[in-house]
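Just below is one structure, and these are the notes that go with it.
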Amino acid sequence: MTQSDPAMHLGVCYYPEHWPEARWAEDARLMRETGLTRVRIGEFAWSRIEPEPGLFDWGWLDRAVDTLHEAGLGIIMGTPTATPPKWLVDRMPDMIALDREGKPRGFGSRRHYCFSHEGYRAEAARITREVAARYGGHPGVVSWQTDNEYGCHDTVQSFSPAARDAFRAWLEERYGDIARLNEAWGNVFWSMEYRSFEEVELPNLTVTEANPAHWLAFRRFSSDQVVSFNRAQVEILRDLSPGRDITHNAMGFYTGYDHHDLCDDLDVLGWDSYPLGFLEMFRFTEEEKRTYARQGHPDIAAFHHDLYRGCAKGGRWSVLEQQPGPVNWARYNPAPLPGMVKLWTLEAFAHGAEMVSYFRWRQFPKAQEQMHAGLLRPDGNPAPALAEAREAANILSRIDPIAETPKQTAIVFSYESEWITQIQPQGEGYSALWTTFGCYSALRQFGHDIDIVPPTADLDAYSLVVVPCLPIVPEDLTRKLEAFEGQIVIGPRTGSRTEEFAIPDDLPPGPLGELVGGRIILSETLSPRMSGDPVRPGEGRWIDHYEGAAEAEVTDGEGVVISRVSGNVRLLCCWPDKPGLSTVLAAASRDAGLPSECLPEGIRKRTRGDLAFKANYLTGDCAWLSSSDEDLPKGGG
Ligand code: GAL
């Protein structure tokens, strides 16, 4: 099981504590009959496991674990640290996180803890040890999930005294000497110099913006706190439950901590896929929201599959929560088009998932998520998704799970890139994450098989490498790009900052200057009212002024250079809009010998061995076809 298990699993998130014990065996039987082989339990059950401090009630959970195991389900057991109970918060009130305004994030929902609070860290380790000691050797427990969705509800950063103290210690460890920190951050500016690490405060509550280097250090620190919090649990689980995979569930369009770092300690990275909620809540156009309201934008799920596969050690990943019907947390919460639950499920396996697990088994008629659908309705009868899960299970039983996807296109992404563009956008909406998504979406519309990789990845086997926005370029990546023989596209702000958030001495793109044959001597951002372009109403512009030898290749209607080319390298000289981006990426794809024409609206594909999974996001149809087969899916599976 620490070895990759070749079978593809379907699973479900189950909360036995919500339902009468008399129903558990029937639930387990129905799960198996549907074709499910995995069940995730326990991640919010602390108040039932330990109702009073030090007093454990294991009986119900023992029986639930046995019932599920006896039915033939492999159990993914969660550590319950996302929901510390009331008695614990009352005993240790300063374990509560403080928000950016310094307000406490009180009890009464979840994720109310501060990652830096030593007392809470000890409690989290204690309950993890208890649960792991109880179930670590149980033959039914095949895997562990640490906590639940680190960062959900904006909870990675805490501005508490515990966080401040831990931040100071982190800074001392990183810089050693306060003079080095002052120099690195440029604290001579505005007389911000410190005499000791004890003088450094958190970067919130300043009169105007804090030093961006201060923010970046705080973002790195906050991410490291998540990683070390997680590592403490992993060490306990490895010790008390050897041979089981350890996973965690990441979220959609979420960059609050460095997932590459977290994955150093995990066997499998999971993520929670809610395509309809994400479409409604994130940056999509009104037209996309209308067209794909019941399907989700065709690239939302796939983008995360390819991103998290690239984060995960050995590329092992799964969907730990799959939307089965309306959710409760978006502005509006439609039901999926018939066929979409099956399509989302099969598409995840086409991208290499080991498991897709639906959230949740049965809609719970009380509390915060009473409007969130499950595979069963609140009355225990099947909801529409149950039949689609069954159909997916049937199809999967006929597919070869180990077939490889050939390497075509790599997109390089780092988490700190998004931190930098959030800290210093310089114009509204410029984001490393969203330009990465834009590149991904454009290339996927050409039909490329894409890996989203960290800057440390080996790039040799690809034909095309796109670096959408990577302000800090590690030395090693520079060398790899200089030696790369395929096509390269470099996006805006790449190489524009040093490790400590300064403009490089030789100006952007810093270490990539030679590669792009010149440098950026000025960056400006124009408000929408200055652009005067009728095809881009309401959008501003980012324009980089280039000096050097690369020739202008694509120019827009206003005479602004969108891209320049020098040998096998294209440099985007502005933050491109969709058509501009598509034009530049099509040219690079052509030169790389890869497809460069858009598939019809709503159609997407992904290769696996000799087969291609093809999906029609307009109709909800999907099919596995031979990879040379041009027929587009109309129905069936
Ligand atoms: C996830 C979370 C689950 C549940 C779900 C609802 O973010 O991990 O516990 O709240 O959303 O869609």
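Read-outs throughout are calculated quantities, based only on the coordinates presented, and are distinct from any laboratory measurement. Note that this is a predicted model, so its numbers are computed, not measured. Note that we place each Cβ from the backbone using ideal geometry, even for glycine, and neighbour counts take in every protein chain shown.
Of all DSSP bridge pairs formed entirely within the chain, close to 45 percent run antiparallel.
Legend: ranking of residues Ile399, Ile452 from fewest to most surrounding C-beta atoms inside 10 Å; resulting order Ile399, Ile452.
Suppose every Lys and Arg Cβ carries +1 and every Asp and Glu Cβ carries -1, with no other charges. What dipole size does region 161-214 come out with about its Cα centre, to the nearest 20 debye?
It comes to approximately 60 debye.
In a fully extended conformation the segment linking Arg398 and Arg32 would gain 130.0 nm over its present Cα-Cα distance, using 0.36 nm per residue.
The number of Lys pairs in the chain with C-alpha atoms less than 25 Å apart, excluding pairs fewer than 8 positions apart on the same chain, is 22.
Convex hull volume per residue, computed on the Cα atoms of region 63-112, equals 101 Å³. What shape does region 1-77 take by its C-alpha gyration tensor, where a ≥ b ≥ c are the square roots of the eigenvalues and a/c under 1.5 counts as rounded, a/b above b/c as prolate, and the rest as oblate? In terms of gyration-tensor shape, oblate.
Compactness of region 248-365, taken as the C-alpha radius of gyration over 2.2 N^0.38 Å, stands at 1.04. Take the Cα of Lys366, step 7 Å along the line toward its Cβ, and report every residue of region 13-41 whose backbone nitrogen sits under 19 Å from that point. The answer is 14-24, whose backbone nitrogens lie closer than 19 Å to the label point.
Charges at C-beta only: +1 for Lys and Arg, -1 for Asp and Glu. How large is the resulting dipole of the chain about its Cα centre, in Debye rounded to 20?
Dipole of the chain, to the nearest 20 debye: 1660 debye.
Between region 150-224 and region 95-131, the C-alpha centres lie 21 angstrom from each other.
Compute the normalised compactness of region 159-258: alpha-carbon radius of gyration over 2.2 N^0.38 Å, N being the residue count.
Details: Rg = 16.9 Å, N = 100, 2.2 N^0.38 = 12.7 Å.
Expressed relative to 2.2 N^0.38 Å, the Cα Rg reads 1.34.
Once both labels are positioned 7 Å from their Cα atoms along Cα-to-Cβ, the gap between Glu17 and Glu514 label points is 5.9 nm. With neighbours defined as other Cβ atoms within 10 Å of a residue's Cβ, the residues Arg238, Arg40 order from fewest to most as Arg238, Arg40.
Loop-located GluC sites (Glu not before Pro) in region 375-451 (DSSP state not H, G, I, E or B) with no more than 13 neighbouring Cβ atoms inside 10 Å: Glu404, Glu428.
Give the relative contact order (percent, whole number) for the chain; include only Cα pairs under 8 Å separated by 6+ residues. Reported relative contact order: 11 percent. Ranking Ala367, Pro576, Ile503 by how far each Cα lies toward the positive end of the dipole of the chain (charges on Cβ) leaves Ala367 at the top. Loop-resident trypsin sites (Lys or Arg not before Pro) (DSSP state other than H, G, I, E or B) in region 258-353 with no more than 10 further Cβ atoms inside 10 Å of their Cβ: Arg331. Using every pair of distinct Cα positions in region 409-454, the Kirkwood expression returns a hydrodynamic radius of 11.2 angstrom. For region 161-214, what D do you get in µm² per second when you plug the Kirkwood radius from alpha-carbon pairs into Stokes-Einstein at 4 °C and 1.567 mPa s? In µm²/s, the coefficient rounds to 113.
Out of all Cα-Cα pairs in region 409-591, roughly what percent, to the nearest whole number, are more than 26 Å apart?
22
Gain on full extension, evaluated as 0.36 nm per residue between Ser527 and Tyr332 minus their Cα-Cα distance, stands at 67.2 nm. Over the C-alpha atoms of region 229-299, the Rg to Rh ratio, Rh being the Kirkwood estimate, stands at 1.16. For region 361-515, the equivalent ellipsoid built from the Cα gyration tensor has semi-axes of 41, 23, 11 Å, listed from largest to smallest. Report summary: the helix-based calculation at 222 nm, which adds -39500 (n - 2.57) for every DSSP H run with n ≥ 4 and divides by the residues of the chain, gives -10000 deg cm²/dmol.
Thr206 to Glu558: FRET efficiency via 1/(1 + (r/R0)^6), r the Cβ-Cβ distance, R0 45 Å, to the nearest 0.05? Display every interim value, and only then the final one.
Working: r = 38 Å, r/R0 = 0.85.
The pair Thr206/Glu558 has a calculated efficiency of 0.75.
Within the chain, the percentage of alpha carbon pairs spaced more than 43 angstrom apart rounds to 24%.
When each of the peptides 211-217, 409-415, 106-112, 459-465 is scored by how many other beta carbons lie within 10 Å of its residues on average, the order from highest to lowest is 409-415, 211-217, 459-465, 106-112.
What trypsin sites (Lys or Arg not before Pro) in region 135-197 are in a loop by DSSP, with at most 12 other Cβ atoms within 10 Å of the Cβ? Counting only loop positions with at most 12 other Cβ atoms within 10 Å, the trypsin sites (Lys or Arg not before Pro) in region 135-197 are Arg195.
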